[in-house]
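Only one structure is covered here, and it is reproduced in the block below.
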Amino acid sequence: MSLSRRLALLGLVGLASVAAADEPTIDHQPVECSTPGKNARICAYVLDDGEVKRVRAYFRSERQDAFYWSDMSFDGIQFCATLPIAKDGVRAIDYYVWAVDDEFQTSRTRPGKISLAPTSPCAYPVIDEDADRTSNLHVHATSDDQGDEIEDFETQGIVEFVPVKKK
């Protein structure tokens, strides 16, 4: 039985019509704020009528033009990524979630903004304090203009930074 048919039988008609389009469906509760000096965490549920092949979190400081990305790992229920700690002076992180399926169909969320303003109280900061995750970050550049080191984020916890090779 197809995913569209199963969702329709469960009464999730809205999801069934989206799933029939073949691209992954991303259900993400926007992260509105985090705590300066801590690792923010982004999670999303991703459904597809086939197989979800890859999910990434794209992020940058509000001062940057190009995004960085990290793979989001599946935790049994949803896909999550831990972001590096933003340097002092960064007041917001722009981000979005991107997914691709086994038929190379892609989708992404609307852009989001994580506020890091120390003067604004953050009622529900989304942070990751798991030592295994915060000390094992893999970050990729999206532009050769980003150089060989990450900017506006601390290198603490980043075990791999992959720059774009200049042609």
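Selection over segment 63-73 of residues that are at pLDDT 95 or above, over 12 Å from the mean Cα position of the chain (by Cα) and not small (Gly, Ala, Ser) gives a count of 2. Within segment 52-77, being over 12 Å from Thr142 (Cβ atoms) and surrounded by 17 or more Cβ atoms within 10 Å (Cβ to Cβ) holds for Val52, Val55, Ala57, Ser61, Met72.
Counting only residues that are modelled with pLDDT of 95 or more and more than 16 Å from Tyr96 (Cα to Cα), segment 18-27 holds 0 of them.
Among the residues of segment 113-135, the one identified as part of a loop (DSSP other than H, G, I, E, B) and closer than 15 Å to Ala57 by Cβ is Val126. Regarding segment 96-109, can at least one residue be identified that is of a type in the set (A, V, I, L, M, F, W, C), more than 16 Å from the chain's Cα centre (by Cα) and more than 26 Å from Cys33 (Cβ to Cβ)? There is at least one residue in segment 96-109 that is of a type in the set (A, V, I, L, M, F, W, C), more than 16 Å from the chain's Cα centre (by Cα) and more than 26 Å from Cys33 (Cβ to Cβ).
Can you tell which of Ala57, Ala99, Ala81 is in contact (Cβ under 8 Å) with a residue 60 or more places away in the chain, within 16 Å of Ile26 (Cα to Cα), out of contact with any Gly (no Cβ under 9 Å at 6 or more places or on another chain) and not in a loop (DSSP other than H, G, I, E, B)?
Ala99
Once segment 28-51 is narrowed to residues that are surrounded by fewer than 18 Cβ atoms within 10 Å (Cβ to Cβ) and more than 30 Å from Thr155 (Cα to Cα), the residue that is modelled with the lowest pLDDT is Gly50.
So, Pro111, is that one under 30 Å from Asp22 (Cβ atoms), without any contact (Cβ under 8 Å) to a residue 40 or more places away in the chain and surrounded by fewer than 17 Cβ atoms within 10 Å (Cβ to Cβ) or not? Write out each step before concluding.
Working: under 30 Å from Asp22 (Cβ atoms): yes; without any contact (Cβ under 8 Å) to a residue 40 or more places away in the chain: yes; surrounded by fewer than 17 Cβ atoms within 10 Å (Cβ to Cβ): yes.
So Pro111 fits the description; yes.
Restricting attention to segment 142-153, does a residue exist that is within 23 Å of Pro30 (Cα to Cα) and surrounded by fewer than 16 Cβ atoms within 10 Å (Cβ to Cβ)? Yes, the conditions are met somewhere in segment 142-153. The set of residues in segment 150-167 that are touching a residue at least 40 places away in the same chain (Cβ under 8 Å) and of a type in the set (D, E, K, R) comprises Glu151, Asp152, Glu154.
The values are calculated or read from the model by the stated rules, or taken from the named source; none is laboratory data. Source: prediction; values computed, not measured. A quick note on method: Cβ atoms are made from the backbone with ideal geometry, for glycine too, and the neighbour counts reach across all protein chains shown.
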